[in-house]
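A.B. asks: Before we start, here is the structure in question, set down as structure tokens.
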């Protein structure tokens, strides 16, 4: 962290800690990972009442141009309410909801030890053996179940998240609006997919917390143990099958599956056996299509940020995703 | 003509990958260089196909929309004005999008176009 931002961050912290001595912020370079937020790990030292304090923290700030336009206040308030709930979610510390202090909306959270590895199930950086990888895959299902089992009313999540009458319709409406708002050109294939989803949407069922982006790349691991699930910016109330569809999306199999050992059917069977719930296969297919429609919306948002010179990330278009979406709905095309 | 456009793009990519990237220690910057290099690789492989694919898609869209083929070579016979063709293509895609949203997505012609267009989508 450098210059004006250092001073802004120190002022932001001082406003929350009050008059303390020896305040020191030790920051590193912007961390890799996360296309939607700027991530800055830092250590905070201060003295208060003769005691020395040290906290490992993590700042997540909205970038100038993102792939997701979400509200830091909602994410912060959800995580604050989840802190005493039985779920491995990160602890949030401070919020600059409107960016008036840190330049853009941001939140500070506890920084956890552990490593992050998007492709750990394929071996990743640590090269765990297949049994260890299968164990990690199994823990990822437990993590998802943990989220779906949350008592969202008891935790007060309905104070910050909308309760959809029809989760599938709400999801289509949300991502269709993103595509409408962000796309720089007409998208006939995505229009077709939207209409397909409207015709094939599942009936409303039980409402649960939906994380919206469960994947090893959003988890911190301690060896082969899942520690904490990060990145709750797409959390919402909806249909639990949405998360199951997200993690069984054929496009993401390399992140979530182990060929021949832990494939989509194994994942769904494990979920059903451990929860006693049945995942309707037609509904699952709908949510797998929705997953790629959502990814197309995210890519289109990235393309707009790139074409508007708001990000240095060079984005290619959503062509491959639209091809996959057509393949997923292919039997209707004849 | 040499160097071809592909050779120039690949040359620029080599500067990024072989010269710039090894000098960078910051992981965020390394990641952005990797994305830029990937985009250049894509451009080098694809640029020569863009105009033929555009014309093919225009003809397919005209057919599905029931329109007569437009003359795309207005200024120089045999040479397509890319910018004008791209603008025309956009207008055709907008028309098809409107038709799909108004409920014609299940017509055989629209379905056939969508199925065929998968091969042109990159």
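The values are calculated or read from the model by the stated rules, or taken from the named source; none is laboratory data. Predicted model only: the values in this text are computed from it and were never measured. With ideal geometry, Cβ positions are generated from the backbone for all residues, glycine too; neighbour counts draw on all protein chains shown.
To keep it simple, each residue is scored yes or no on (1) within 16 Å of residue A:212 (Cβ to Cβ); (2) under 22 Å from the mean Cα position of the chain (by Cα); (3) in a helix (DSSP H, G or I).
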| position | (1), (2), (3) |
| --- | --- |
| A:246 | yes, yes, yes |
| A:252 | yes, yes, yes |
| A:271 | no, yes, yes |
| A:292 | yes, yes, yes |
| A:297 | yes, yes, yes |
| A:300 | no, yes, yes |
| A:312 | no, yes, no |
| A:316 | no, yes, no |
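A.B. asks: Checking the structure you have, find out if any residue of region B:101-116 is within 19 Å of residue A:320 (Cβ to Cβ), within 12 Å of chain A (Cβ to nearest Cβ) and at pLDDT 90 or above.
C.D. replies: The answer is no; no qualifying residue exists.
A.B. asks: Residues B:46, B:13, B:59: which one is buried (at least 17 other Cβ atoms within 10 Å of the Cβ) and either assigned by TED's automatic domain parsing to the domain that holds residue B:110 or in a helix (DSSP H, G or I) (or both)?
C.D. replies: So the residue among B:46, B:13, B:59 that is buried (at least 17 other Cβ atoms within 10 Å of the Cβ) and either assigned by TED's automatic domain parsing to the domain that holds residue B:110 or in a helix (DSSP H, G or I) (or both) is B:13.
A.B. asks: Right, next: Among the candidates A:312, A:326, which residue alone is free of Cβ contacts under 8 Å to residues at least 24 places away in the same chain and within 14 Å of chain B (Cβ to nearest Cβ)?
C.D. replies: Among A:312, A:326, only A:312 is free of Cβ contacts under 8 Å to residues at least 24 places away in the same chain and within 14 Å of chain B (Cβ to nearest Cβ).
A.B. asks: Here are some conditions: (1) touching a helix residue (DSSP H, G or I) at 6+ places or on another chain (Cβ under 8 Å); (2) more than 14 Å from every other protein chain (Cβ to nearest Cβ); (3) at pLDDT 95 or above. Residue A:296 meets all but one. Which one does it not meet?
C.D. replies: (2)
A.B. asks: Which one of the conditions (1) farther than 30 Å from residue A:80 by Cβ; (2) within 14 Å of chain B (Cβ to nearest Cβ) does residue A:304 fail to meet, given that it meets all the rest?
C.D. replies: Tallying (1) farther than 30 Å from residue A:80 by Cβ; (2) within 14 Å of chain B (Cβ to nearest Cβ), residue A:304 fails exactly one: (2).
A.B. asks: Okay, next question. Just name the residue that is nearest to residue A:38 (Cα to Cα) out of those in region A:99-141 that are part of a helix (DSSP H, G or I) and within 17 Å of the chain's Cα centre (by Cα).
C.D. replies: Here the answer is A:140.
A.B. asks: Further question: Quick check: anything in region B:16-32 under 30 Å from residue A:327 (Cα atoms) and surrounded by 13 or more Cβ atoms within 10 Å (Cβ to Cβ)?
C.D. replies: no
A.B. asks: So for region B:62-79 (the condition being under 30 Å from residue A:313 (Cβ atoms) and more than 13 Å from chain A (Cβ to nearest Cβ)), does at least one residue qualify?
C.D. replies: No, region B:62-79 has no match at all.
A.B. asks: I've got another one for you. Is it true that residue A:113 is at pLDDT below 95 and more than 29 Å from residue A:154 (Cβ to Cβ)?
C.D. replies: yes
A.B. asks: Before we move on, is residue A:164 touching a strand residue (DSSP E or B) at 6+ places or on another chain (Cβ under 8 Å) and either part of a loop (DSSP other than H, G, I, E, B) or within 14 Å of chain B (Cβ to nearest Cβ) (or both)?
C.D. replies: Yes, satisfied.
A.B. asks: Of everything in region A:142-161, what is more than 18 Å from residue A:245 (Cα to Cα) and in a helix (DSSP H, G or I)? Give them in sequence order.
C.D. replies: Once the filter is applied, which keeps residues that are more than 18 Å from residue A:245 (Cα to Cα) and in a helix (DSSP H, G or I), region A:142-161 yields A:157, A:158, A:159.
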